[in-house]
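Novice: Take a look at the following structure, please.
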Amino acid sequence: MLLQIASILLSICATVFADNAVLNSAETEDYERNMNQSLLWAPYRSNCYFGIRPRFVNENPMMMGLMWFDSSSAEGVSQLRHFVDTGDKLDKYGYELYDPRLGGREVIIDSANNLNLTIHFAKSRNGENWGFRVSGRPLDSSKSKVPSLVMYFSQNGEKGHLNQDLTKRQDNHHTNLKGFSPELGNYDIHIGDISGNYYSRGPALAQDADSSKTSHISFTVPGDQVWKARDIFQSMLGESVQQLLSSGNKMHPLSLPSALIVRNINNFPSGNFHFIQKTFDLDQPFEFDVIYNKKGSQQRIKSSDELSTLISWTVSELEVRFNNKFDIEDLKLKVFAQETLANLMGGIGYFYGTQMVDRETELDEEHFEKIELNRAGEEGPLQLFSSVPSRAFFPRGFYWDEGFHLLQMMEYDCDLVLEILQSWFDLIEEETGWVARELILGNEARSKVPQEFQIQNPNIANPPTLLLCFSELLTRASDLQQSAYGSTEEFSTVAGSQTDELLRRPELLTSFAKKVYPNLLKHYTWWTDSQRGFTEEYMEILGDSLHPEEAFRWVGRTFTHCLPSGLDDYPRSQPPDVAELHLDALAWAGVMTRSMKQIAKVLDMSEEYEKFAQIEQNIVENLDTIHWSEEDHCYYDVTIDDDSDEMREFVRHEGYVSLMPFALKLEPKNSNKLQWFVELMADEGRLFGDYGILSLSRKDEYFETGEVYWRGPVWINMNYLFLDSLAYYFEDGGDAQDTKTVEKARQLYHDLRKNLISNMHRVWAEDGYVYENYNHNTGKGSGVQHFTGWSALIVNILGRLPESL
Ligand SMILES: *[C@@H]1O[C@H](CO)[C@@H](O)[C@H](O)[C@H]1NC(C)=O
Ligand SMILES: *[C@@H]1O[C@H](CO)[C@@H](O)[C@H](O)[C@H]1NC(C)=O
């Protein structure tokens, strides 16, 4: 498999670096059109258990969502499932297989409702049309629950697009909706049953309160309120039930499911919004289809049979693509990896809306108190195509997480990665170069975020992981160019699918680099200017060896937290000081600079290349000049202590921050400091653990104190970087290192990789979830459950990194 990657990447660099092939604009357009088409439709409302919307369509897009509840009890409705929510305590939910270009299979196990739901989603080959199939069965057939499934569809229509566009024709098992979207044209949606019985054990309460039929009501909901479908349903149902009760009819106990059918008791005229409700008797499994077809499409999905064929094709294609990219022999581990990758990709969403920004409030750099950002204005709308850290808990874009998500997805589909990178880079502000740390666009996204975290501030930065990802891509390309094996011919046999076009036609990467360069330069300037540290006092101590421009700190830390660093409660200097310098901020500046240098190289801009190469060199030197303690053999944050003779004081904590120069590959390959990194990581008394490298040394005074967030627990994103760096420094023999260090590094690599895999797999096999981090003492999952954001990097650990060095 490595050979495959090698030959693939070789073909990139062959063209990228040899000569800047001139790109025919018709070709770029073709490529773009393909991307647009294959990524148009998907369950992009990843905050919902299942919710579909198109990408890049902002004016009156068709939106749908699926909800369900148990209608055998009156409490069922209050537990209506809609947005992914850990409070629902589902036994399991998520994708077993998924790729937004193709479709996939999501499985939901909801034992409180005795329900096993499987949803297959598939698309026509040209991406224009799609369908999904919902299959439900009881988990325990001796239990009598009555699942009621509610779907809503909305055109987000403005007045004038409404009634005439949405007509219906229906019998008891089939519903047809017709619609129109200004950007996508006319379409129709067919909802049809395949099997199962509606619930009909009790008499109907009214003609429109009859669970033995599909119920369909339509009315108008303003576009920006559609996401409140759950509240709307509950309040309409409440009114309906009240009316039934007040009519004085004695209700038959078996008729509760009929009472819980939503009705249009106010006689609202039909409009853009539809509820379709089906209540099933679980005496037998049920199955129904929803099929969307664009009017006049060449590739209409004409029937359930055709959808079945598409679903089978999709499922087998997903298998093939996964196997093409990852080589995992152990079947159990392979299923774990497939599912984990599917859930990372299943988090990909399309977001559109305004964001809240406070550009006025000054941060407190004297007392480092927490500052309320309460002078926010609403800005935008903006759009974002991105994955999310966790569909349940963090269903929005995170700048610091996304680069890690892409490091994983890069191994599966480079084109998709570029598409997401581009969306983020498009958000770089024209005037300032800023990008928000969290992209919380629109009310739907905001509804999941506590007020105090909704507001973004343009002084706050975050680790530029997106540039790490871009840098990785370019580095590997150039490395492979220098190695002399592989050929472009070999590549075409690997391809076999429409993805990774970028790798087949590397000039696309050049054209991408050219396009994003001006934005990235602005972003780079904003980042380095805003986070630059105060170096006057250090110059007195360190003299000429210091490069005063290349020293950084995270602006916006408080007494207890440094949220901008991404390592929230990792211990920093106490007390805080405006003159402290953060090691990880400098290391991340190094990553950004290296990435800019690489882009300049790809674009043949030699002057810029030289400039960035010089800055990178300065950064590498400053790591040693400012942050290295020769006494301890360790890198640390530093601060100024006026009372000490030395003035510069090392902030002595061993953990993820002190490993950053290694993790981000800034340490030169022949550095004699590598042995100390290996020593620290392999030390069981400090950072080595049975479940991965700990975030903070066991010997640290802050170890396991406070929130115990980045003060002990094992994080997969960082552990991935450690493994990747060990491979980078030691795979080819670690020539410049002494044999003892090389041997130790290899042992460490082997043990660490094994520990991470076996623990994460064990936890997943036990309870079906991947976690935000893992307890360093027990290996148990901790933090947010179903965190298939950067924890999904376990797939690369399993399927990309070598088993041993
Ligand atoms: C692809 O979609 C984007 C966003 O809607 C659009 O700006 C671009 O023109 C489209 N490209 C092509 C070739 O259709
Ligand atoms: C759920 O149903 C599917 C078939 O639709 C079956 O393969 C799977 O084993 C079921 N899962 C559970 C936990 O019952």
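Novice: Kindly indicate which of Lys665, Lys699 is in a loop (DSSP other than H, G, I, E, B), surrounded by fewer than 18 Cβ atoms within 10 Å (Cβ to Cβ) and basic (Lys, Arg).
Specialist: Lys699
Novice: In addition: Kindly evaluate Ser78 against the criterion of being among the small types (Gly, Ala, Ser) and either more than 24 Å from Gln785 (Cβ to Cβ) or buried (at least 24 other Cβ atoms within 10 Å of the Cβ) (or both).
Specialist: On the way: among the small types (Gly, Ala, Ser): yes; either more than 24 Å from Gln785 (Cβ to Cβ) or buried (at least 24 other Cβ atoms within 10 Å of the Cβ) (or both): no.
No.
Novice: With the structure loaded, tell me whether Val107 is among the aliphatic types (A, V, I, L, M) and within 11 Å of ligand 2 (Cβ to nearest atom) or whether it fails that test.
Specialist: yes
Novice: Which residues, counting only those in the range 323-357, are in a helix (DSSP H, G or I), under 23 Å from Phe50 (Cβ atoms) and not aliphatic (A, V, I, L, M)?
Specialist: Listed by number, the residues that qualify are Phe336, Gln338, Glu339, Thr340, Asn343, Gly346.
Novice: Still on this structure: Which members of the range 111-137 meet the condition of being out of contact with any Ser or Thr (no Cβ under 9 Å at 6 or more places or on another chain), near ligand 2 (Cβ under 10 Å from one of its atoms) and not small (Gly, Ala, Ser)?
Specialist: Correct list: Leu115 only.
Novice: Among the residues of the range 465-486, is there at least one that is part of a helix (DSSP H, G or I), exposed (fewer than 15 other Cβ atoms within 10 Å of the Cβ) and at pLDDT below 75? Give the derivation first.
Specialist: Taking the range 465-486 as the starting set, the residues that turn out to be part of a helix (DSSP H, G or I) are 465-482.
Next, from what is left, pick out any that are exposed (fewer than 15 other Cβ atoms within 10 Å of the Cβ): 479, 482.
In the following step, the residues that additionally are at pLDDT below 75 were identified as 479, 482.
The answer is yes; a qualifying residue exists.
Novice: So, Tyr350, is that one within 16 Å of ligand 1 (Cβ to nearest atom), touching a strand residue (DSSP E or B) at 6+ places or on another chain (Cβ under 9 Å) and not hydrophobic (A, V, I, L, M, F, W, C) or not?
Specialist: Details: within 16 Å of ligand 1 (Cβ to nearest atom): yes; touching a strand residue (DSSP E or B) at 6+ places or on another chain (Cβ under 9 Å): yes; not hydrophobic (A, V, I, L, M, F, W, C): yes.
Yes, satisfied.
Novice: Please go through the range 767-784 and give me each residue that is surrounded by 17 or more Cβ atoms within 10 Å (Cβ to Cβ) and either out of contact with any Asp or Glu (no Cβ under 8 Å at 6 or more places or on another chain) or aromatic (Phe, Trp, Tyr) (or both), ordered by number.
Specialist: Tyr769, Val770, Tyr771, Glu772, Asn773, Tyr774, Asn775, His776
Novice: What's the number of the only condition in (1) modelled with pLDDT of 95 or more; (2) surrounded by fewer than 23 Cβ atoms within 10 Å (Cβ to Cβ); (3) within 22 Å of the chain's Cα centre (by Cα); (4) farther than 25 Å from Val320 by Cα that Ile119 fails to meet?
Specialist: (4)
Novice: Is there a residue in the range 50-69 that is within 16 Å of ligand 2 (Cβ to nearest atom) and not aliphatic (A, V, I, L, M)?
Specialist: yes
Novice: To continue, here is another question. Restricting attention to the range 239-271, which residues are small (Gly, Ala, Ser) and either in contact with a Ser or Thr (Cβ under 7 Å, 6 or more places away or on another chain) or in contact (Cβ under 8 Å) with a residue 60 or more places away in the chain (or both)? So that I can check it myself, show each step before the final result.
Specialist: Kept after step one, since they are small (Gly, Ala, Ser), are these residues of the range 239-271: 240, 246-248, 255, 258-259, 270-271.
Correct list: Ser258, Ser270, Gly271.
Novice: Confirm whether Ser148 is part of a strand (DSSP E or B), hydroxyl-bearing (Ser, Thr, Tyr) and farther than 23 Å from Ser46 by Cβ.
Specialist: Answer is yes for this residue.
Novice: Take Leu66 and decide whether it is outside the structural domain of Val763 (by TED's automatic domain parsing), more than 16 Å from ligand 1 (Cβ to nearest atom) and farther than 28 Å from Leu509 by Cα.
Specialist: Working: outside the structural domain of Val763 (by TED's automatic domain parsing): yes; more than 16 Å from ligand 1 (Cβ to nearest atom): yes; farther than 28 Å from Leu509 by Cα: yes.
Here the answer is yes, as Leu66 does meet what is asked.
Novice: Against the definition (more than 25 Å from Asp751 (Cβ to Cβ) and acidic (Asp, Glu)), how does Asp637 come out, yes or no? Outline the logic, then answer.
Specialist: Details: more than 25 Å from Asp751 (Cβ to Cβ): yes; acidic (Asp, Glu): yes.
Yes, satisfied.
Novice: When the residues of the range 300-321 are filtered to those that are surrounded by 13 or more Cβ atoms within 10 Å (Cβ to Cβ) and of a type in the set (Lys, Arg), which remaining residue is farthest from the chain's Cα centre (by Cα)?
Specialist: For the range 300-321, the residue satisfying everything is Arg300.
Novice: Say whether the condition of being in a helix (DSSP H, G or I) and at pLDDT below 90 is met by at least one residue in the range 220-227. Let's see the steps before the verdict.
Specialist: Let us first name the residues in the range 220-227 that are in a helix (DSSP H, G or I), namely 223-227.
Okay, now just the ones that are also at pLDDT below 90, so 223-224.
So far as the range 220-227 goes, yes, one or more of its residues are in a helix (DSSP H, G or I) and at pLDDT below 90.
Novice: Looking at Glu106, Glu32, Glu96, which is the one that is without any contact (Cβ under 8 Å) to a residue 24 or more places away in the chain and not in a loop (DSSP other than H, G, I, E, B)?
Specialist: Of Glu106, Glu32, Glu96, the one residue that is without any contact (Cβ under 8 Å) to a residue 24 or more places away in the chain and not in a loop (DSSP other than H, G, I, E, B) is Glu32.
Novice: Something else about it: Taking the range 70-93 as the region of interest, how many residues are under 24 Å from the mean Cα position of the chain (by Cα) and away from ligand 2 (no atom under 13 Å from the Cβ)?
Specialist: Taking the range 70-93 first, the residues under 24 Å from the mean Cα position of the chain (by Cα) are 81-93.
Next cut, away from ligand 2 (no atom under 13 Å from the Cβ) only: 81-89.
So the count comes out to 9.
Novice: Could you check Pro548 against (1) in a loop (DSSP other than H, G, I, E, B); (2) of a type outside the set (Asp, Glu); (3) in contact (Cβ under 8 Å) with a residue 60 or more places away in the chain and say which number it fails?
Specialist: (3)
Novice: Checking the conditions here, which among Ser791, Ser725, Ser804 is touching a His at 6+ places or on another chain (Cβ under 8 Å) and touching a residue at least 40 places away in the same chain (Cβ under 8 Å)?
Specialist: Within the list Ser791, Ser725, Ser804, the selection yields Ser804.
Novice: Next question, about the same structure. Looking at the range 551-567, which of the residues that are assigned to a loop (DSSP other than H, G, I, E, B) and out of contact with any helix residue (DSSP H, G or I) (no Cβ under 8 Å at 6 or more places or on another chain) is surrounded by the fewest Cβ atoms within 10 Å (Cβ to Cβ)?
Specialist: Only one residue fits best here, namely Phe559.
Novice: Further question on the same structure: What number of residues within the range 741-750 satisfy the criterion of being surrounded by fewer than 21 Cβ atoms within 10 Å (Cβ to Cβ) and either in contact (Cβ under 8 Å) with a residue 60 or more places away in the chain or part of a loop (DSSP other than H, G, I, E, B) (or both)?
Specialist: 3
Novice: Also, I was wondering about something else. Right, Lys143: in contact (Cβ under 8 Å) with a residue 24 or more places away in the chain, surrounded by fewer than 24 Cβ atoms within 10 Å (Cβ to Cβ) and in contact with an Asp or Glu (Cβ under 9 Å, 6 or more places away or on another chain) or not?
Specialist: On the way: in contact (Cβ under 8 Å) with a residue 24 or more places away in the chain: yes; surrounded by fewer than 24 Cβ atoms within 10 Å (Cβ to Cβ): yes; in contact with an Asp or Glu (Cβ under 9 Å, 6 or more places away or on another chain): no.
Criteria not met by Lys143.
The values are calculated or read from the model by the stated rules, or taken from the named source; none is laboratory data. This one's a predicted model, so the numbers in the text were calculated from it and none came from an experiment. With ideal geometry, Cβ positions are generated from the backbone for all residues, glycine too; neighbour counts draw on all protein chains shown.
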